[in-house]
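The structure appears right after this line, and notes come after that.
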Amino acid sequence: AYERRFPTCPLIPMFVASDTVNEYKSEDGAIHVIERRCKLDIDAPRLLKKIAGVDYVYFVQKNSLNRRERTLHIEAYNETFSNRVIINEHCSYTVHPDNEDWTCFEQSASLDIKSFFGFESTVEKIAMKQYTSNIKKGKEIIEYYLKQLEEEGITFVPRWTPPVACKSESSTSHPRRPVSPAINIPETATKEGLSNKEILNTSSSPSEPTAGTPDDKLDADYIKRYLGDLTPMQESCLIRLRQWLQETHKGKIPKDEHILRFLRARDFNIDKAREILCQSLTWRKQHQVDYILDTWNPPQVLQDYYAGGWHHHDKDGRPLYVLRLGQMDTKGLVRALGEEALLRYVLSINEEGLRRCEENTKVFGRPISSWTCLVDLEGLNMRHLWRPGVKALLRIIEVVEANYPETLGRLLILRAPRVFPVLWTLVSPFIDDNTRKKFLIYAGNDYQGPGGLLDYIDKEIIPDFLGGECMCEVPEGGLVPKSLYRTAEELENEDIKLWTETIYQSASVFKGAPHEVLIQIVDASSVITWDFDVCKGDIVFNIFHSKRAPQPPKKDSLGAHSITSPGGNNVQLIDKVWQLGRDYSMVESPLICKEGESVQGSHVTRWPGFYILQWKFHSMPACATTNLPRVDDVLASLQVSSHKCKVMYYTEVIGSEDFRGSMTSLESSHSGFSQLSAATTSSSQSHSSSMISR
C-alpha cells in the first residue's frame, strides 16, 4: 500500500513527482531498498519563493523493506538548501510483538535552520505547519491505498519464506526491532510538533472529557451574563481546568472569561489548552504584565507618532481599535524606541482591550470577550517592509497570538494598496487559522459600498478620515524625526534590546580610511542587497569588483589619525598598490549620502568573484572661483569631528534573478506616506542591473 504513493500521489497535492535514483534487491528477495528523488511544491509565500530563487524543493527518500523481519523503514532528507536548512525524517512500520495482526507506526523528524535570508522564523513556521498536516494525513493516505487493494481483491500478502537453497539460513534467529506497545492514542490528544506515534487499525476518536456531575454546574444566569452559550461538555471543561489551576497553579488564577479563551483556541481540548494557558501565566508573571497599565507610561514618542487608539465600539458592542498603519513610521519608531518598547506598548493595548471588554459586558448586559480592529492602510509603501521592522512585527504577532487568544473578534483592513500582498505573505504564516477567518480586506474605496464598513460600525462613529462625521482622536502618525533616533548603545544602557543589534553593524569612516566589506559571489546573477543609515557625517558609497581576493582584512590602527573607534570598526580591504581599472573595477556609480539619510538598494551581479562595498569619507568641494574655502564648507567640516563619519549597515546576498524585478514593481507603488517627507525619495541608478532607494 505504501509503494502506491509513487511516482506521485493525488492525495498529497504538493508531491509533484519522483524519480528512482538507486535500487537494491537481495538475492533471496528479503531485502528491497529503493532511493527516490522527490519533487515538492511547498505551500510557501510566493515572495519567499522568489527571494529563495526556487519554485520546487527536492527531498531524497530511502525506503528499506525487510520482509524477513517484517519492517519498513523510511528515511528522508532535504537536498534543496541543505547548506542552510537540515531536515531529517524517520518513519517505520513494524509488526507488534504481541499481536501480529497489528501494525505499529512511528514517525519523527528534526529541523535545524542555520540561515535563510533573514526569514528563519517564517521557514520554521511553514515547516511545522507542513509537517503537522502530513502527520494528520498519513493514516488517511495509507488506509486509502489499503482500501484500494481490497477493492482489487488483494486482502492478504503471503509471508516471506526463504528460497530452498537458503533454508539453512532460516534457522538463524533474527532479533526483532523493539516497538511501541499498542495504545489507542486519540488524534486530538496527539501533540502537534516534530514527533508522532500512532497505532494503525485501532479506533481513533476525538478526546472528549467526561460529562460533569450536577455539582459541577455553573449558574445559568452567570453563564448567560458573562460567558455566553456553552454546551454541558464545554462547561465541564471550564470547571475542570479551573479546578486544576486552583489545585496546582501558584499565583493569581485568571477569570473564567480568560480561561475560556484558551479552551476555545484549542477547541476545548483540555490538555492543549492547559499547556498554552500555563505557559502564558508564567510569561505574565515573569514580565509583570498584570501591572503594566498601572506602572508603565508610554514614551512621548509613542503617544505622538503611534497612529493607533481606541474609538467607541462596533455594532456588536465590541471595543473598536483604530490603527492607521499606513501613516505610521515603523522604521522610525524602532530606531527611536527599540523593539521591546513597541512590544510593551502593544501589550498595554491588549490589556486595555481586556479591561474594555469587561466594561462593555456590564454596559450591554451580555458577554463581550473580544474587540474589533480597524486597520487603515492608506499610505502603506516599501518603507513599511523594512526588514527589522517586519521582524519586530512578526515577533509581536507571535507574543500576542500565544497570550491573547480569541481576543480579536473581527479585523477590518481598509484601503489595501498594491504592496499589501507582500506584507501579508510574510505575516500570515504566524497568524492562527481561526484568527485569519476573522479578516475582512477592502481595496480602494470598496469599504464604502455594500458589505462594507456600515455593516459592522454605526454611521455616527465612522472616523472622519474615512469619510465619516466622527472626529477621531487617534494620532495621525507621520515620520519620526531623526533627531529622536537613538543608538544601540543608548538603548542597551536602558536595558532595552534593539532588534537591529543582531542584524546591523556599526562602522567608523575616516578621511583616508574608508570602511569596506567583502562579499564573495560564486554564481553570477546573485543579488547583493544593502540597507544602511548615515549616522554621522557625509559619505560616498561605492561597489567594486575584483577577480582576485584581497588580503585578509586588517583593522586600521588609525595611528596617523590618533583616533580610537569604540562605537564601530573600520576595515580596509583594497590594497594601496591596487590600481582601479587594472586590479579592480567600479560596478556602480558613486552615491553621495548625506548625514541622516537611510539608503536601501540592490545590485544584480554580472560576474562571479569578489565584490567590495565601500563607505568613503566625503570631502567638501572647494569653491571653483577661489582657492579659499567657503564659509559653509568650514562650518560643515567643524561639525564632523576629526574627519570621522559613522554608518550602521546590513548586507545580504540572495541567489535569485527574480529579486530585482519584484522589488522594482513594488517600488513603483507610490503612496501618500512617501510624500510626508521630501527626504524620502526613490532613485534608480543608470546601471541596468541595480536599484538604490532612499
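The values are calculated or read from the model by the stated rules, or taken from the named source; none is laboratory data. As the structure is a prediction and not an experimental result, all values here were calculated from the model. No Cβ is skipped: glycine too gets one built from the backbone with ideal geometry, and neighbour counts run over all protein chains shown. The area values use the complete protein model at the heavy-atom level, side chains included, leaving out ligands, DNA and RNA. Shrake-Rupley method; radii C 1.70, N 1.55, O 1.52, S 1.80 Å.
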Select from the range 61-73 the residues that are within 14 Å of T103 (Cβ to Cβ) and either of a type in the set (S, T, Y) or touching a helix residue (DSSP H, G or I) at 6+ places or on another chain (Cβ under 8 Å) (or both) and list them in ascending order.
T71, L72
Can you tell me which residue in the range 602-612 is modelled with the highest pLDDT, limited to those that are open to solvent by less than 10 Å² (accessible area, probe 1.4 Å) and in contact with an Asp or Glu (Cβ under 7 Å, 6 or more places away or on another chain)?
I612
Hey, does the range 290-297 have a residue that's crowded, with 21+ Cβ neighbours inside 10 Å and either among the aliphatic types (A, V, I, L, M) or in contact (Cβ under 8 Å) with a residue 60 or more places away in the chain (or both)?
no
Please specify each residue of the range 1-38 satisfying the condition of being buried (at least 16 other Cβ atoms within 10 Å of the Cβ), under 27 Å from E143 (Cβ atoms), more than 33 Å from the chain's Cα centre (by Cα) and in contact (Cβ under 8 Å) with a residue 60 or more places away in the chain.
A1, A30
Based on this model, can you work out whether R355 counts as touching a residue at least 24 places away in the same chain (Cβ under 8 Å), open to solvent by 40 Å² or more (accessible area, probe 1.4 Å) and either in contact with a Phe, Trp or Tyr (Cβ under 9 Å, 6 or more places away or on another chain) or not assigned by the TED database to the domain that holds Y456 (or both)?
no
Determine which single condition W424 fails, assuming it passes every other condition in (1) modelled with pLDDT under 75; (2) open to solvent by 30 Å² or more (accessible area, probe 1.4 Å).
(1)
Can you name the number of the only condition in (1) at pLDDT 80 or above; (2) part of a helix (DSSP H, G or I) that R548 fails?
(2)
Just to be sure I understand the filter: pairs with C-beta atoms under 6 Å, separated by 6 or more residues or on different chains, first member in the range 382-399 and outside the structural domain of L337 (by the TED database) and under 14 Å from L342 (Cβ atoms), second member modelled with pLDDT under 80 and among the hydroxyl-bearing types (S, T, Y). Which pairs pass?
none
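To keep it simple, each residue is scored yes or no on (1) open to solvent by 70 Å² or more (accessible area, probe 1.4 Å); (2) closer than 30 Å to K331 by Cβ; (3) modelled with pLDDT of 85 or more; (4) not assigned by the TED database to the domain that holds H603.
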residue: V509; (1), (2), (3), (4): no, yes, yes, no
residue: E516; (1), (2), (3), (4): no, yes, yes, no
residue: D523; (1), (2), (3), (4): yes, no, no, no
residue: I528; (1), (2), (3), (4): no, yes, yes, no
residue: D531; (1), (2), (3), (4): no, yes, no, no
residue: V534; (1), (2), (3), (4): no, yes, no, no
residue: N542; (1), (2), (3), (4): no, yes, yes, no
residue: L558; (1), (2), (3), (4): no, no, no, yes
residue: S562; (1), (2), (3), (4): yes, no, no, yes
Of all the residues that make up the range 243-283, how many are under 19 Å from E358 (Cα atoms) and either assigned to a helix (DSSP H, G or I) or acidic (D, E) (or both)?
9
Of the residues in the range 569-600, how many are touching a Phe, Trp or Tyr at 6+ places or on another chain (Cβ under 9 Å), at pLDDT below 85 and assigned to a strand (DSSP E or B)?
3
Looking at F105, F81, which is the one that is modelled with pLDDT of 75 or more and in contact with a Gly (Cβ under 8 Å, 6 or more places away or on another chain)?
F105
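Quick grid of which residues meet (1) within 17 Å of L479 (Cβ to Cβ); (2) at pLDDT 95 or above; (3) under 21 Å from the mean Cα position of the chain (by Cα):
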{"residue": "R324", "(1), (2), (3)": "yes, no, no"}
{"residue": "L333", "(1), (2), (3)": "yes, no, yes"}
{"residue": "V346", "(1), (2), (3)": "no, no, yes"}
{"residue": "E358", "(1), (2), (3)": "no, no, no"}
{"residue": "T361", "(1), (2), (3)": "no, no, no"}
{"residue": "P367", "(1), (2), (3)": "no, no, no"}
{"residue": "L385", "(1), (2), (3)": "yes, no, yes"}
Could you tell me whether the range 616-630 includes any residue that is over 22 Å from R387 (Cβ atoms), at pLDDT 70 or above, outside any loop (DSSP other than H, G, I, E, B) and within 38 Å of the chain's Cα centre (by Cα)?
yes
Are any of the residues in the range 388-395 modelled with pLDDT of 90 or more, in contact with a helix residue (DSSP H, G or I) (Cβ under 6 Å, 6 or more places away or on another chain) and either surrounded by 20 or more Cβ atoms within 10 Å (Cβ to Cβ) or farther than 26 Å from P429 by Cβ (or both)?
no
